[in-house]
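Bear in mind these aren't lab numbers, they're just calculated from the coordinates by the rules spelled out. On a predicted model such as this, the values are computed, not experimentally measured, just so you know.
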């Protein structure tokens, strides 16, 4: 919440907190789960660790 500098309702204002907001953020730590090439961190992360664990067990 500290990273949010501005918030603006862009649609469905009548829904209150369920409205669609646009946020202006600064220095917000994020993880990109799916990049513009379709690479999915939730898939490659576990796959990478499975290989590392197998190497450690060998």
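Can you tell me the length gained on complete extension of the stretch residue 36 to residue 24, counting 0.36 nm per residue apart and subtracting the Cα distance? Please report the intermediate quantities before stating the final value.
Details: separation 12, 0.36 × 12 = 4.32 nm, distance 2.12 nm.
The residue 36-residue 24 span can extend by a further 2.2 nm.
What are the semi-axes of the equivalent ellipsoid for the chain, taken as the square roots of 5 times the Cα gyration tensor eigenvalues, largest first, in whole Å?
38, 14, 10
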Relative to the chain, whose Cα atoms define the longest principal axis, helix 41-57 and its Cα axis are tilted in degrees, nearest 10, by 20 degrees
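Given a cut-off of under 8 Å on Cα pairs at least six residues apart, what relative contact order in percent is computed for the chain? Intermediate values should be presented prior to the final figure.
On the way: 46 pairs, mean separation 13.8, N = 58.
After rounding, I find 24 percent.
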